1. In this structure, is residue 73 modelled with pLDDT of 75 or more, out of contact with any strand residue (DSSP E or B) (no Cβ under 6 Å at 6 or more places or on another chain) and either at negative phi or surrounded by 13 or more Cβ atoms within 10 Å (Cβ to Cβ) (or both)?
2. Scan segment 45-70 residue by residue and report those that are closer than 23 Å to residue 203 by Cβ and modelled with pLDDT under 90.
3. Filter segment 211-226 down to residues that are surrounded by 18 or more Cβ atoms within 10 Å (Cβ to Cβ) and modelled with pLDDT under 85 and give me whichever is nearest to residue 185 (Cα to Cα).
4. Quick one: residue 314 ticks every box in (1) within 24 Å of the chain's Cα centre (by Cα); (2) outside any loop (DSSP other than H, G, I, E, B) except a single one, so which number is it?
5. Given the residues 345, 280, which is the only one that is out of contact with any helix residue (DSSP H, G or I) (no Cβ under 7 Å at 6 or more places or on another chain), modelled with pLDDT under 85, exposed (fewer than 15 other Cβ atoms within 10 Å of the Cβ) and part of a strand (DSSP E or B)?
């Protein structure tokens, strides 16, 4: 009965082998491990069903996908154990994927996810990711750090700090404390978090990591403009500032032209055709607007926007001049030596 069952599964999977166009596949690498002559590439594959029907996938093996390096199948073992997945409409699933190869030449190589139904039935899906096993980045300056404030209280700020690796190389660094990042207000550097607890942080090529931050000030904020800066504990001495500061306002609106600050609001958000960009500027200034994806890659840039002192309102569509891709983006406005960033959501 077992050979007959396997034959039936092979015939079934052959009929299902064509991946429908309403599926979206995104591969992100999470680690590259080198132990000569072998190179292991680890990643996660996110599958999103944008259709109106369930997507059913079945394989005669225990895992549904692997990574091929430079288009070549490695030596991942085949486990004779049926795999079944049913993905409902408008839902996503994330699976771990692995690829390995040996004696890779120095330089940049490619990784792509493959679904497999049987040894003779495989299908490439999603994006191709470049990586280099012979070079590892470890400086904080190699990452794009973007700070986004979430909530501002009387004496605290909660924020999200995104560290994006825009390169083809693995980023890996040992941090001396369990706490990697912190916040400082108005030029004050945060204290080290305590006893050392060394550990590694790894960010794969074209990948990112997000840190949730909450920091209390020594005293309640006074009315006016304040700045918050993100810091990374890269050594057991003073932390290092990463990214650009974000300026926020406490109390009533100020018209003091001596305060070099910008405050920004997008409404409604998620974005619509009538979304409005509202900017409060303490002085007349020329602005630059940039939009980044969560990998730290700039996807749009506009210069020459002129703001007057006080409140400025612009239809966002007239500034962007094109619709953003669906997803979460970071919109950054810079002027007069300061910048501010907001998270925007674009739906289909």
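1. Yes: the conditions hold for residue 73.
2. If the condition is that a residue be closer than 23 Å to residue 203 by Cβ and modelled with pLDDT under 90, then 65, 66 are the ones that fit.
3. 226
4. Failed condition: (1).
5. So the residue among 345, 280 that is out of contact with any helix residue (DSSP H, G or I) (no Cβ under 7 Å at 6 or more places or on another chain), modelled with pLDDT under 85, exposed (fewer than 15 other Cβ atoms within 10 Å of the Cβ) and part of a strand (DSSP E or B) is 345.
The values are calculated or read from the model by the stated rules, or taken from the named source; none is laboratory data. What you are looking at is a predicted structure, and each value in this text was computed from that prediction instead of being measured. Neighbour counts run over all protein chains shown; Cβ positions are idealised from the backbone, glycine included.
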